[in-house]
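First up is the structure itself, then whatever we jot down about it.
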Amino acid sequence: MRFLRRIAAQSVGPIFGLALFVLAVWVLRQKLMLLHSHTLLISISSIPHRRILAALLFTCLDYFILTSFDSLALRFIGHHLQYWKIAMTSFLCYAFGHNIGFPMLSGSTIRYRLYSQAGISIKCITEIIGFCTLTFWLGFLTVGSILFLFRPLPIPRSFHLPFTDAQPLGFLFLVALIGFVIWNIVNTKPMTVGKWQLPKLDTDLLVAQIAVASLELLLASGVLYSLLPPGIPFFLYFGIFLLAQLSGLASQVPGGIGVFEGVILVLVPPRLGTSSVMAALIVYRAVYYILPLIAAIALFAIHEIRRHIRAARSA
């Protein structure tokens, strides 16, 4: 019975993710049935070049800010490493992790491989992974609580939720954030959550985590916002983006593909036009996911080839 309970508990996440993915695919299908491929191609080609350039700029800035997650983590464990090594590891980790999904398997594998080559122990690498994960969620809770409390996103009745806007979600985020901050100030030992240990942080490090993670979310949202047609206020869009991100993460689908798009299509105002929004989402996938992945594959291949050449010369 204990074994069966364990199997059932471990199945809840994947089953929920699969259900969310199926629902998202259904939503996408319903939306795309209204479109013709020719209409979609016209919408993609009509996106001004300056907006695509802006999306590329936001993408570059976002991946640059993501390197701060690893930099702060290395500062936390007291390990010094050249910035270019940190930047390369971070970029490869997030470029692969965003596309492959299962960050504990894909992104963490990159960190284990490259940081171990730099002489960092397995224990310290595990702490880096946990620290970076915590950094993301601190930023998400901070931005989400502020946005959903003061600019609550309306929830459509079709969602069949017991609340009409995202304000309760903002309150929940705020409670979780304040609870962690108070615990971090009061306690002296790490908090254990399942198999994870939440580290006790210095106040300046905690503030830095919240700042860089909040900025990262703003930049990531700016990629898609710059591609959407004008007509939606940024704060309304940002709330939709956060909810879509949360749904994509909960689904455990690589990159939240399908789930993210489904939430965006349902929640954005109809006046933007389904074809224009879908075109922006397609270009967003190409700019924020596919191009960094291509660059990461090339960079990782070059790194491995150079490493093997050096090993052969020293043999």
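The values are calculated or read from the model by the stated rules, or taken from the named source; none is laboratory data. Treat the numbers as computed from the prediction; the structure is a model and nothing was measured. Positions of Cβ are generated from backbone atoms using ideal geometry, with glycine treated the same way; all protein chains shown enter the neighbour counts.
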Legend entry - Which numbered condition L228 fails, given (1) in a helix (DSSP H, G or I); (2) among the aliphatic types (A, V, I, L, M); (3) at pLDDT 90 or above: (1)
Inset, instruction - Please determine, by comparing only the residues of the stretch 129-175 that are part of a loop (DSSP other than H, G, I, E, B) and among the β-branched types (V, I, T), which one is surrounded by the most Cβ atoms within 10 Å (Cβ to Cβ). - result: I155
Inset, instruction - Report yes if L291 is surrounded by 10 or more Cβ atoms within 10 Å (Cβ to Cβ) and out of contact with any helix residue (DSSP H, G or I) (no Cβ under 7 Å at 6 or more places or on another chain), otherwise no. - result: yes
Legend entry - Of all residues in the stretch 295-311 being surrounded by 11 or more Cβ atoms within 10 Å (Cβ to Cβ) and not basic (K, R), the one that is farthest from D62 (Cα to Cα): E304
Inset, instruction - Might you let me know whether the stretch 286-306 holds any residue that is within 13 Å of the chain's Cα centre (by Cα) and under 30 Å from M88 (Cβ atoms)? - result: yes
Inset, instruction - Would you tally the residues in the stretch 58-74 being over 20 Å from Q117 (Cβ atoms) and either without any contact (Cβ under 8 Å) to a residue 40 or more places away in the chain or of a type in the set (D, E, K, R) (or both)? - result: 3
Inset, instruction - Only residues that are among the hydroxyl-bearing types (S, T, Y) and surrounded by fewer than 21 Cβ atoms within 10 Å (Cβ to Cβ): list them for the stretch 238-259, please. - result: S247
Legend entry - the stretch 228-242 residues that are within 19 Å of L169 (Cα to Cα), paired with ones that are crowded, with 18+ Cβ neighbours inside 10 Å and aromatic (F, W, Y) (beta carbon under 6 Å, 6 or more apart): Y237/Y225
Inset, instruction - Could you please tell me which pairs satisfy a Cβ distance under 7 Å, a separation of 6+ or placement on different chains, a first residue in the stretch 296-315 that is among the basic types (K, R), and a second residue that is modelled with pLDDT of 85 or more and outside any helix (DSSP H, G or I)? - result: none
Inset, instruction - Can you confirm whether the stretch 261-268 contains a residue that is under 13 Å from the mean Cα position of the chain (by Cα), aliphatic (A, V, I, L, M) and within 19 Å of A166 (Cα to Cα)? - result: no
Inset, instruction - Could you pull out the residue among L293, L281, L249 that is under 27 Å from F64 (Cβ atoms), touching a residue at least 60 places away in the same chain (Cβ under 8 Å) and in a helix (DSSP H, G or I)? - result: L293
Inset, instruction - Could you please let me know if F241 is closer than 25 Å to G97 by Cβ, at pLDDT 85 or above, among the hydrophobic types (A, V, I, L, M, F, W, C) and in a helix (DSSP H, G or I)? - result: yes
